[in-house]
Structures are given as C-alpha cells and as structure tokens.
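The values are calculated or read from the model by the stated rules, or taken from the named source; none is laboratory data. Remember, predicted model here, so these are calculated numbers, not experimental data. Virtual Cβ from ideal backbone geometry, glycine too; neighbours counted across all protein chains shown.
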Amino acid sequence: MNILVLGGTRFLGRHFVAETLARGHRLTLFTRGQSPNPFGTAVELRVGDRDPDVGAGLAALAAGQWDVALDTSGYLPRHVEASCALLDGRIGHYIFVSSVSAYADLSSPGVDEGAALAALPDPPSEDIALHYGGLKAACEAHVRARFGNKALIVRPGLIVGPHDPTDRFTYWAARFGAPTLLGARGARAVLPAPPGRTIQCIDARDVVAWLLQAIQAQRGGTYNLTSPAGRFTMGGLAEAGHELSVARGFDVTIAWVGEATLEARGVVPWSGLPLWIPDSDRVLRGMLAVDVTRALDTGLSIRPLLQTLTDTLEVLVSTPQGQRFTSVLTAELETELAATA
Ligand SMILES: NC(=O)c1ccc[n+]([C@@H]2O[C@H](COP(=O)([O-])OP(=O)(O)OC[C@H]3O[C@@H](n4cnc5c(N)ncnc54)[C@H](OP(=O)(O)O)[C@@H]3O)[C@@H](O)[C@H]2O)c1
C-alpha cells in the first residue's frame with residue numbers, strides 16, 4: 001500500500017512507520033523537517049508545515065495519491081481542515097489520531113464513544129495547552145465532514161512506550177530500572193495508595209497493531225484506544241516495576257503513600273507523580289477508566305506492563321535524551337514521603 005503520514009518521526013507515528021515499512025508498504029512522510037528522520041531514504045520525506053500560513057505550508061502535498069493517510073500531527077482545526085481539503089479525492093482511508101481528552105466530561109468512569117465532546121470557547125481559541133480536547137474534537141469534525149465513512153477517528157488514552165518524549169510513563173521505567181538517572185533516589189519508590197487504584201495507558205505499538213488491522217478491514221468510525229479499565233492498577237505497575245528493578249540489579253521496593261499526604265506535601269498529580277489522578281479530582285477522575293469495548297471487539301490487544309517498562313527503559317538508556325524528569329517529585333521529597341509510609 002501507499003501510505004501518507006502527516007508526521008511520523010517522533011513517537012506514535014514513528015512506531016507506525018517502522019511497522020508499516022517492515023511489512024513492505026511505501027511510506028510518504030510530511031513534516032517540518034525539524035525532528036530527525038530515523039528512516040532515512042526508506043521513506044519519501046516531504047517538507048512543509050500543517051499551518052497553510054507558515055512558509056510553503058502544504059505545497060509539498062499538492063500532488064500524490066495514497067491508499068491511507070495517518071494524521072498524527074493535527075492539533076488545530078484550521079490546519080486539519082486545510083489538509084483534508086487539499087487531500088480530498090486522493091486518499092482512500094483517512095485516520096485521525098484524536099484523544100480521550102476530546103470528551104466534554106471525564107469525571108466518571110465508563111466514557112464511551114457516544115459521549116458528548118468538548119466544545120471550544122466563543123470566539124474560538126487556538127491555545128492548545130488550554131483547549132487541547134475541544135480543538136481535537138473540532139479537528140475530528142472536519143475529518144468526518146470531508147471523508148465520511150472513509151474516516152477513522154481514534155481516541156487514545158495515555159500513549160506510552162519506547163521513544164515517548166514525555167516523562168509520563170518513562171519516569172516509572174527509570175524509577176525502577178535506572179534510578180540513578182533520577183538523582184540520589186532512595187531504595188523505596190513512592191506510589192499513590194491504594195495498590196488497587198486503576199490506571200489506563202496503551203503502548204504505542206499496541207495502537208499501531210490495532211491500526212494495521214483497521215486498515216486491513218477498511219474500518220471507519222470512532223474508537224477509544226487504551227487498556228481495558230481495571231486491567232492495569234498501581235499495584236500491577238509496582239509488581240512489574242519491582243521485577244524490572246531486580247532484573248537490572250536494583251531492588252526497588254514500594255512505599256504506598258496516601259493521597260492526603262501527597263497532596264499536603266504539594267506533589268503534583270500526573271506530572272509530579274506520573275499516572276496519578278487523585279480521587280479528589282472531580283474533573284478528571286474518570287480519565288483512567290474509559291470504555292474500550294468497541295476496540296476490544298475489533299481486535300485490540302494490550303501487552304503486559306513489564307514488556308512496555310523494559311522496552312521503554314532500553315531506549316531511554318541507549319539514546320541521548322536531553323534534559324528529562326524536571327517535573328517529577330524530587331529525590332529529597334520522595335525520601336521524606338517514603339519515611340511516612
Ligand atoms: N502521547 C499521548 O499520550 C497521546 C495520547 C492521546 C493522543 N495523542 C495524540 O497522538 C498523536 C501523537 O503524535 P506523535 O507526536 O507521537 O506523532 P509522530 O508522528 O511520531 O510525531 C509528530 C510528527 O509531526 C511532525 N510535525 C509536528 N508539527 C508539525 C507541523 N506544524 N507541520 C508538519 N509536521 C509537523 C513532526 O515532525 P517535525 O517536528 O519535523 O515537524 C513529527 O514527525 C498526537 O496527535 C497526539 O495528540 C497522544
């Protein structure tokens with residue numbers, strides 16, 4: 001197949017490109033050429049910008065025809081509308097990567113694909129940090145309007161795994177498997193009690209595997225993509241993490257610290273202690289328990305956390321990473337908190 005990726009060189013897109021190349025497909029990537037292209041001449045690289053008003057904009061996509069387009073870099077409706085209009089009639093199957101953040105209300109578990117979507121303020125804003133979900137929902141609308149039943153919209157939860165540029169899961173790989181990367185850490189890792197706390201995430205490679213099946217089936221529609229609610233817990237993360245730490249010659253054990261203590265000591269949920277959303281968070285407490293029945297019914301398979309932790313760590317320690325782990329709780333605070341448990 002001829003496949004166009006709007007993106008493809010950082011994380012999710014990178015895994016998709018690696019896997020589709022391995023299967024013998026022909027890949028065209030459209031990027032600004034700012035992130036290094038790990039695929040060299042194995043892909044055709046077209047350089048431009050999703051923003052039609054920046055430089056040559058989308059001019060590099062003026063010609064060509066593809067069986068599938070995967071859009072991993074669409075964040076602003078204006079950009080997505082422009083590329084959809086330009087590619088109309090030249091794409092067989094358009095896949096847009098949205099997010100569970102597109103939902104209006106994540107305060108309760110069980111949000112499925114029929115739930116209401118986030119809205120943009122009036123007048124609309126392009127502030128991605130403030131309106132990520134509403135912007136994604138508006139992008140989705142353009143894709144659906146243009147491509148109809150040839151449009152596949154996926155709404156992943158937290159995407160994790162090797163090459164993740166964020167610390168939101170990679171922290172745990174480092175904390176258990178290479179704690180020295182995080183400064184002078186104690187032997188006990190602080191985790192938010194209780195161990196039965198549900199967490200939800202998906203390895204980028206599991207997203208890709210599901211996408212490849214969906215491409216084969218020419219599937220349209222909208223799908224949440226993450227681990228089934230309840231499959232992963234903080235306790236499961238602790239067990240997998242301990243196994244990784246022992247395999248790497250450490251013996252990191254767990255200090256379960258209650259939410260009240262974490263909050264009182266100013267630990268920032270999600271960034272300070274990755275994958276932690278406090279029960280007291282009335283807005284987001286359902287975000288790690290969305291419904292993935294549709295994806296499971298269409299072949300979604302989720303690998304074990306230990307495999308994701310192990311592979312994430314391998315890439316982390318083998319590639320230069322630049323400055324990382326600046327938002328997570330400090331070694332000093334972690335040691336103090338561990339002493340309370
Ligand atoms: N990470 C998560 O937990 C999570 C969860 C849910 C949904 N998502 C969604 O999943 C997608 C993940 O994307 P990714 O970053 O992993 O994908 P990726 O395709 O691996 O990397 C992003 C690509 O977009 C290109 N790009 C960025 N801005 C561009 C622009 N203005 N014009 C042209 N190309 C541009 C980058 O190259 P250059 O820098 O060279 O331009 C890069 O190739 C996003 O849509 C995100 O919203 C992520």
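Looking at the range 132-149, is at least one residue within 22 Å of the chain's Cα centre (by Cα), under 24 Å from Pro304 (Cα atoms) and either among the hydrophobic types (A, V, I, L, M, F, W, C) or surrounded by fewer than 17 Cβ atoms within 10 Å (Cβ to Cβ) (or both)?
No, because not a single residue in the range 132-149 is within 22 Å of the chain's Cα centre (by Cα), under 24 Å from Pro304 (Cα atoms) and either among the hydrophobic types (A, V, I, L, M, F, W, C) or surrounded by fewer than 17 Cβ atoms within 10 Å (Cβ to Cβ) (or both).
Give me the helices (runs of 4 or more DSSP H) completely within the range 124-227, filtered to those with at least 3 residues that are within 16 Å of the ligand (Cβ to nearest atom) and assigned by TED's automatic domain parsing to the domain that holds Thr312, ordered by residue number. Before the answer, list the steps.
Numbers: elements: 128-147, 170-177, 204-216.
Because the criterion is at least 3 residues that are within 16 Å of the ligand (Cβ to nearest atom) and assigned by TED's automatic domain parsing to the domain that holds Thr312, the helices (runs of 4 or more DSSP H) in the range 124-227 that meet it are 170-177.
Looking at Thr222 and the list (1) under 22 Å from Asp164 (Cα atoms); (2) out of contact with any Gly (no Cβ under 8 Å at 6 or more places or on another chain), which single condition is not satisfied?
(1)
Could you tell me whether any residue of the range 22-33 is charged (D, E, K, R), within 19 Å of the chain's Cα centre (by Cα), at pLDDT 95 or above and more than 7 Å from the ligand (Cβ to nearest atom)?
No, the range 22-33 has no match at all.
When you check Thr261 against the structure, is it modelled with pLDDT of 95 or more and not in a loop (DSSP other than H, G, I, E, B), yes or no?
For Thr261, the condition - modelled with pLDDT of 95 or more and not in a loop (DSSP other than H, G, I, E, B) - is met.
Let me confirm something: among Val246, Val267, which residue is surrounded by fewer than 22 Cβ atoms within 10 Å (Cβ to Cβ), of a type in the set (A, V, I, L, M) and assigned by TED's automatic domain parsing to the domain that holds Thr166?
Val246
Across the range 100-123, which residue is farthest from Gln200 (Cα to Cα) among those that are within 13 Å of the ligand (Cβ to nearest atom) and of a type outside the set (A, V, I, L, M, F, W, C)?
Restricting to residues being within 13 Å of the ligand (Cβ to nearest atom) and of a type outside the set (A, V, I, L, M, F, W, C), the top hit is Tyr103.
Scan the range 71-88 and give yes if some residue there is within 18 Å of the chain's Cα centre (by Cα) and within 20 Å of His25 (Cα to Cα), otherwise no.
Checked the range 71-88: at least one residue is within 18 Å of the chain's Cα centre (by Cα) and within 20 Å of His25 (Cα to Cα).
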